[in-house]
Amino acid sequence: MSNDESNVKSRMPKASRGKAHIIVILILGLAGSFFFSRPLEQNAVLSWSAQAEADAERLGRTLMLLLDHSNGPLQSLATLFNGSGRVAADEFENTITYLKGHRKGAFPGSMGFVTKSQPSSCGEDDGCWMVAYSTDESGVLRPGSDVSRFGPMAATIDTALANQNTLIIGPVFQRDTGEQYSYYAVTIRNTRQFGVVVSLIDYQNLVARMADEWIPAGMQLRLQASFPDGNGMTEPKFIVGADAPAADAVKTIEIAAEIDSAQFTMMWDVTPDYYGGAGTRTDDYALYTGIFGTLVIVLLLWGRRRQPL
């Protein structure tokens, strides 16, 4: 140390040097607390985000399983028709009653069998697609209804005929309530009957069941889909939720899936309510603990400094 530095240090009051030391400790302690808590915060955010993505993947598989499971009654009805020489109206009704009694979970809102016929109201040379049997009393599938006039149903039948013996999901349509629906369909051919059996898909009901049983708080689903229409695929359309993310969403996770010729994109909006946020409690604890410890040390040093020698 030079003589000048020694002279300056000797001229510095001892009290001032002690005060400077305390200030340095305070600054270093606060800076260290922020510095060491930062990696914890980043790790917490990454862990929270990874958990959200894992949940989105799991929920996506669950939704597709529910959709696939919803065609169970349709497959049973198709088995009845394909295994019979002819299914009469009472046999159809008895089968529906049996399926409802042994079905776990929601049953399709309507099911029916449509076949070509040519009543006086039909102006087509090759006949019109008419509802022969149905569980629907007043909707599109009501008995005797000409479903050839209903575009989504006609497209569903055309796609089923182009993919015989294969389950397909037809284009979406909207009811007066604003909710979106499609029809499941598969062709039928036995020795005396040819046609298509169909069942209604209620997307809102499927998502509501998901929300009741599996979707955690802080995750919201928007569902976009494209369907075969006999000439290709329809334009993607949101069938559940809006086309924009939730206002408070911090991230959106997209999960794509294809089932029975329909293509779905599930968009899971994650909000701060998801498991209480990005899990920054650990880094907050570390930060506040560091600050508190620094203040305790500074106060102790300050108290010793003020004690008389």
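Does the range 91-114 contain any residue that is hydrophobic (A, V, I, L, M, F, W, C), without any contact (Cβ under 8 Å) to a residue 60 or more places away in the chain and under 18 Å from residue 195 (Cβ atoms)?
Checked against the condition, which is being hydrophobic (A, V, I, L, M, F, W, C), without any contact (Cβ under 8 Å) to a residue 60 or more places away in the chain and under 18 Å from residue 195 (Cβ atoms), the range 91-114 yields at least one hit.
Condition (residue is open to solvent by 20 Å² or more (accessible area, probe 1.4 Å) and over 22 Å from residue 216 (Cα atoms)) applied to the range 247-258: is it met by at least one residue?
Yes, because at least one residue in the range 247-258 is open to solvent by 20 Å² or more (accessible area, probe 1.4 Å) and over 22 Å from residue 216 (Cα atoms).
Let me spell it out: the conditions are (1) in a loop (DSSP other than H, G, I, E, B); (2) surrounded by 20 or more Cβ atoms within 10 Å (Cβ to Cβ), and residue 144 meets all of them except one. Which number is the exception?
It fails just one condition, (2).
So which residues in the range 210-250 are of a type in the set (D, E, K, R), modelled with pLDDT of 90 or more and part of a loop (DSSP other than H, G, I, E, B), if there are any at all?
Answer for the range 210-250, where residues must be of a type in the set (D, E, K, R), modelled with pLDDT of 90 or more and part of a loop (DSSP other than H, G, I, E, B): 235, 243, 248.
For the range 166-187, which positions are open to solvent by 20 Å² or more (accessible area, probe 1.4 Å), assigned to a loop (DSSP other than H, G, I, E, B) and either among the small types (Gly, Ala, Ser) or closer than 17 Å to residue 239 by Cα (or both)?
172, 175, 176, 177, 178, 179
Give the range 234-243 a look and list any residue that's more than 14 Å from the chain's Cα centre (by Cα) and open to solvent by 50 Å² or more (accessible area, probe 1.4 Å), or say none.
Those that are more than 14 Å from the chain's Cα centre (by Cα) and open to solvent by 50 Å² or more (accessible area, probe 1.4 Å): 235, 236, 237.
All but one of (1) at pLDDT below 90; (2) small (Gly, Ala, Ser); (3) out of contact with any helix residue (DSSP H, G or I) (no Cβ under 9 Å at 6 or more places or on another chain); (4) in a helix (DSSP H, G or I) hold for residue 32; state the number of the condition that does not hold.
(3)
Go through the range 50-90 and count every residue that is open to solvent by 50 Å² or more (accessible area, probe 1.4 Å), within 28 Å of the chain's Cα centre (by Cα) and over 18 Å from residue 199 (Cα atoms).
7
Could you go through the range 270-283 and let me know if any residue there is aromatic (Phe, Trp, Tyr), loosely packed, with under 13 Cβ neighbours inside 10 Å and modelled with pLDDT under 90.
no
In this structure, does residue 60 turn out to be modelled with pLDDT of 85 or more, outside any helix (DSSP H, G or I) and either closer than 23 Å to residue 261 by Cβ or among the basic types (Lys, Arg) (or both)?
Here the answer is no, as residue 60 does not meet what is asked.
Would you point out which residue out of 205, 163, 190 is over 20 Å from residue 228 (Cβ atoms), out of contact with any strand residue (DSSP E or B) (no Cβ under 7 Å at 6 or more places or on another chain) and open to solvent by 50 Å² or more (accessible area, probe 1.4 Å)?
Within the list 205, 163, 190, the selection yields 205.
Please find, within the range 193-202, the residue that is most open to solvent (accessible area, probe 1.4 Å) out of those that are of a type outside the set (Phe, Trp, Tyr) and part of a strand (DSSP E or B).
202
Is it the case that some residue within the range 123-141 is without any contact (Cβ under 8 Å) to a residue 60 or more places away in the chain, among the acidic types (Asp, Glu) and not in a loop (DSSP other than H, G, I, E, B)?
Within the range 123-141 (the criterion being without any contact (Cβ under 8 Å) to a residue 60 or more places away in the chain, among the acidic types (Asp, Glu) and not in a loop (DSSP other than H, G, I, E, B)), the answer is no, since none of the residues qualifies.
Just checking, does the range 158-166 include any residue being touching a residue at least 12 places away in the same chain (Cβ under 8 Å) and in contact with an Asp or Glu (Cβ under 6 Å, 6 or more places away or on another chain)?
Scanning the range 158-166, I find no residue that is touching a residue at least 12 places away in the same chain (Cβ under 8 Å) and in contact with an Asp or Glu (Cβ under 6 Å, 6 or more places away or on another chain), so the answer is no.
Among the residues of the range 212-233, which ones are in contact with a strand residue (DSSP E or B) (Cβ under 8 Å, 6 or more places away or on another chain) and either of a type in the set (A, V, I, L, M) or open to solvent by 50 Å² or more (accessible area, probe 1.4 Å) (or both)?
215, 219, 220, 221, 223, 225, 233
The values are calculated or read from the model by the stated rules, or taken from the named source; none is laboratory data. Keep in mind the model is a prediction, meaning the values are calculated, not measured. All Cβ positions, even for glycine, are placed from backbone atoms using ideal geometry, and neighbour counts span all protein chains on display. These area figures cover heavy atoms from the full protein model, side chains too; ligands, DNA and RNA do not enter into them. Shrake-Rupley method; radii C 1.70, N 1.55, O 1.52, S 1.80 Å.
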